[in-house]
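Here is the structure we will look at.
The values are calculated or read from the model by the stated rules, or taken from the named source; none is laboratory data. Computed from a predicted model, the values in this text were never measured in an experiment. Every residue, glycine as well, gets a Cβ built from its backbone with ideal geometry; the counts of neighbours run over all protein chains shown.
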Amino acid sequence: MGCAFCASTLHGRARDLTAAEMLGEVFFIEEKLRGEDQHVDTMVLMGSGEPLMNYENVVAFLHLVHDPAILGMSYRSITLSTSGIVPNIYRLADEGLPVSLSISLHAPEDALRSTLMPINKKYPMQDVVAAGKAYGDRTKRRVTYEYILIDGVNDSDRHADELAQLLRGQLASVNLIPINPVVERHLLRPPAERIAAFEQRLAAHHIAVTVRREMGTDINAACGQLRNRHLEQDA
């Protein structure tokens, strides 16, 4: 999707996954966990790709993992993350599948969001947030807005106030994500005190907010980083 902070775009798009390939990934992890007497009980569709640009395969996959004869996973244990493909957010709401929706926002106003996320030029922020509200109203599921914190870019008190104003009155929460730096992008993580101040300012506006627990920085696990490293090793 061309996001300025993401490693996924460095080598471009290859192709969409089929529903069967997605299911194969789940079976692979399920088999790994079986030896530890565990199983896959939650799932997030995200990473190197945009689920709602592969709509038919994604919905077919959701039906497969929910099927009692396959995995029998509850739709409510599944989260779909999107950069904001507005028409397909409405389509997903009409499917009647109560999966949780997570929308990558990353800025509280259009000019900045367009700089960080070029898709905003096609689906502006206000339309994205309106679609998120409609999804929450239709499914009765709380929508999560993901917000990557980037030092000196989108982490000021003003940004927090504008974000709170944008989301006021929605069945929604904010998931703050201190950026997992990508060397090629030259974007840095804010200091811990700035992250805490941003969180506290949203909370003061009565916005439900969490800071994503730190996982994966040491193994290049942010969106696209593992793929990028693999492609560089094979070059």
query = In this structure, is residue 58 assigned to a strand (DSSP E or B), among the hydrophobic types (A, V, I, L, M, F, W, C) and without any contact (Cβ under 8 Å) to a residue 60 or more places away in the chain?
reply = no
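When you go through 157, 151, 137 one by one, which is the residue that is more than 20 Å from residue 84 (Cβ to Cβ), surrounded by fewer than 16 Cβ atoms within 10 Å (Cβ to Cβ) and touching a helix residue (DSSP H, G or I) at 6+ places or on another chain (Cβ under 9 Å)?
157
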task = Could you run through region 64-88 and say how many residues are of a type in the set (Val, Ile, Thr), crowded, with 18+ Cβ neighbours inside 10 Å and closer than 24 Å to residue 41 by Cα?
result = 3
inquiry  = For region 109-146, give me the residue count where each residue is basic (Lys, Arg) and part of a helix (DSSP H, G or I).
reply    = 4
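Would you check if residue 137 is of a type in the set (Asp, Glu) and either closer than 29 Å to residue 75 by Cβ or in contact (Cβ under 8 Å) with a residue 60 or more places away in the chain (or both)?
Against the criterion (of a type in the set (Asp, Glu) and either closer than 29 Å to residue 75 by Cβ or in contact (Cβ under 8 Å) with a residue 60 or more places away in the chain (or both)), residue 137 qualifies.
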Unmet criterion (only one of (1) under 23 Å from residue 129 (Cα atoms); (2) of a type outside the set (A, V, I, L, M, F, W, C); (3) touching a residue at least 40 places away in the same chain (Cβ under 8 Å)) for residue 82 = (3)
inquiry  = Within region 193-213, take every residue that is assigned to a strand (DSSP E or B) and closer than 11 Å to residue 164 by Cα and give me the one that is nearest to the chain's Cα centre (by Cα).
reply    = 209
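Rundown of residues vs (1) at pLDDT 90 or above; (2) surrounded by 17 or more Cβ atoms within 10 Å (Cβ to Cβ); (3) among the hydroxyl-bearing types (Ser, Thr, Tyr); (4) in a helix (DSSP H, G or I), yes/no style:
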position	(1), (2), (3), (4)
9	no, yes, yes, yes
15	no, no, no, no
22	yes, yes, no, yes
31	yes, no, no, yes
36	no, no, no, no
49	no, yes, no, no
52	yes, yes, no, yes
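To keep it simple, each residue is scored yes or no on (1) closer than 19 Å to residue 116 by Cα; (2) out of contact with any strand residue (DSSP E or B) (no Cβ under 9 Å at 6 or more places or on another chain); (3) among the basic types (Lys, Arg).
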| residue | (1), (2), (3) |
| --- | --- |
| 153 | yes, yes, no |
| 173 | no, no, no |
| 178 | yes, no, no |
| 192 | no, no, no |
| 211 | no, no, no |
request  = Hey, can you tell me all the residues within region 165-192 that are of a type in the set (A, V, I, L, M) and more than 19 Å from the chain's Cα centre (by Cα)?
outcome  = 183, 188, 192
request  = For region 103-125, indicate whether the set of residues that are in contact with an Asp or Glu (Cβ under 8 Å, 6 or more places away or on another chain) and closer than 30 Å to residue 28 by Cα is non-empty.
outcome  = yes
note = Of the conditions (1) within 24 Å of residue 186 (Cα to Cα); (2) in contact with a strand residue (DSSP E or B) (Cβ under 7 Å, 6 or more places away or on another chain), the single one that residue 79 does not satisfy is (1)
